[in-house]
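Every read-out reported here was derived from the displayed coordinates using simple, explicitly stated rules and does not represent laboratory data. Owing to the predicted nature of the structure, the values given are computational and were not obtained by experimental measurement. Here the Cβ positions follow ideal geometry from the backbone for every residue, glycine too, while neighbour counts run over all protein chains shown.
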Amino acid sequence: MKTISYYPGCTLKNSAKNFEDSALCALSRLGWEAKELERWNCCGTVFSLATDDLMHHLAPIRNLIRTKEAGSDTVLTLCAMCYNTLKRANERVKSDADSLEKINDFMDREKVKYAGDVRVLHLLEILRDEITFPVVAGKVVRKPDGLRVANYYGCLLVRPKGIGLDDQENPVVLEDLMTALGVESVEFPYNTECCGAYQTVDEPQTVAERTHHILTSAHRQGADLLTVSCPLCAFNLDHRQKDAARLHTDFAPLPVVYFTQLLALGLGCPEEDMHFDLHAVDPRPVLEQKGVL
């Protein structure tokens, strides 16, 4: 069993337990143990773009210090937003010695001074580069019958260039994973468009319009499900479907699942790890029809 340090982030401990539990079960079936960091804190949620704003980089860098305290030089993330925030803060201090020194000075009570020597990896990178998709395919025990999915990357998995884990305009890592699982991926033009992000708080109608466009596009391409890798995207695209239906009488619901749920089911993980009760649009009828459940 290979062990890797794991940063869960806030949402995976409550409304995104379906993301965390399915991922951890899948990793265990692949011979990996994700060891949660002690005393981790919120990543800061978004990467601050202001060049003179160092205070908002303390939170992500403190989590990288926790990784070093765990005796590791690599940290695993699941949430696309956490991944983006941690990695961008890390790259900033690695390329700017003055910022790194000031941040360490701010955190003068930490026993470890950060040296910019932690790798921030997303689960998709672990699956693609460390475990490899052929190995994943060899572990699959439950293949669906004709399941077609639209893979939604959103903003933060592939942007900006140099941070994202795949091509910004034509990412394929989710498609390659689905192929390993025996799932057919459909192309649709909204796969890297923004879901509306935090506008869901004060502009829910704007997000509902985004939800309508994204899911209608996936529907038109014949998708049975939409996969995501971000809890905020999952909320906007799943729970905002009721709002989209009120705005557009022709809107047809589409189940939204985390890619880890399809991975875990394919590897034989129990249904209770999927937490389907957390979904606004229940994916179980489709999964049962396609022989995944």
- Spin-label pair Gln289/Glu193, simplified geometry with 7 Å Cα→Cβ offset, distance in nm: 2.4
- Note on the structure: Cross-link reach from Lys139 to lysines, straight Cα distance under 26 Å and at least 8 residues apart if same chain, gives Lys2, Lys17, Lys35, Lys290
- Message: From the gyration tensor of the Cα coordinates in segment 2-123, what semi-axes in whole Å does the equivalent ellipsoid have, largest first, with each one equal to sqrt(5λ)?
- Response: 25, 15, 12
- Task: Show that you can apply the helix-only estimate: for the chain, add -39,500 (n - 2.57) for every DSSP H stretch of four or more residues, divide by all residues, and state [θ] at 222 nm to the nearest 500.
- Result: -11000 deg cm²/dmol
- Which translational diffusion coefficient, to the nearest whole µm²/s, is obtained for segment 140-289 from the Stokes-Einstein equation, given a Kirkwood hydrodynamic radius over C-alpha pairs, 20 °C and 1.002 mPa s? 138
- Item | segment 159-206 versus segment 97-111: alpha-carbon centroid distance in Å | 35
- Task: Quick one: check the C-alpha center-to-center distance for segment 212-238 versus segment 19-76, whole angstrom.
- Result: 26
- With viscosity set to 1.567 mPa s and temperature to 4 °C, compute the Stokes-Einstein D of segment 222-275, Rh being the Kirkwood radius across alpha carbon pairs; µm²/s, no decimals. 105
- Message: Counting other C-beta atoms within 10 Å, and keeping those with at most 12, which DSSP coil GluC sites (Glu not before Pro) do you find in segment 30-128?
- Response: Glu38
- Item | DSSP-loop trypsin sites (Lys or Arg not before Pro) across segment 1-108, with at most 10 other Cβ within 10 angstrom | Arg39
- Could you work out how far helix 97-106 tilts from the main Cα principal axis of the chain, as a 0 to 90 degree angle to the nearest 10? 80
- Item | Computed FRET value (nearest 0.05) for Ala252 with Leu49, which takes r as the C-beta separation and R₀ as 30 Å | 0.20
- Long-range alpha-carbon pairs in segment 41-93, meaning those over 12 Å apart, account in percent for 60
- Item | Alpha-carbon radius of gyration plus Dmax, which is the widest Cα pair, for segment 73-135 in Å | 14.1, 46
- Task: Quick one: grab Rg to one decimal and Dmax as a whole number for the chain, Cα atoms only, in Å.
- Result: 19.1, 58
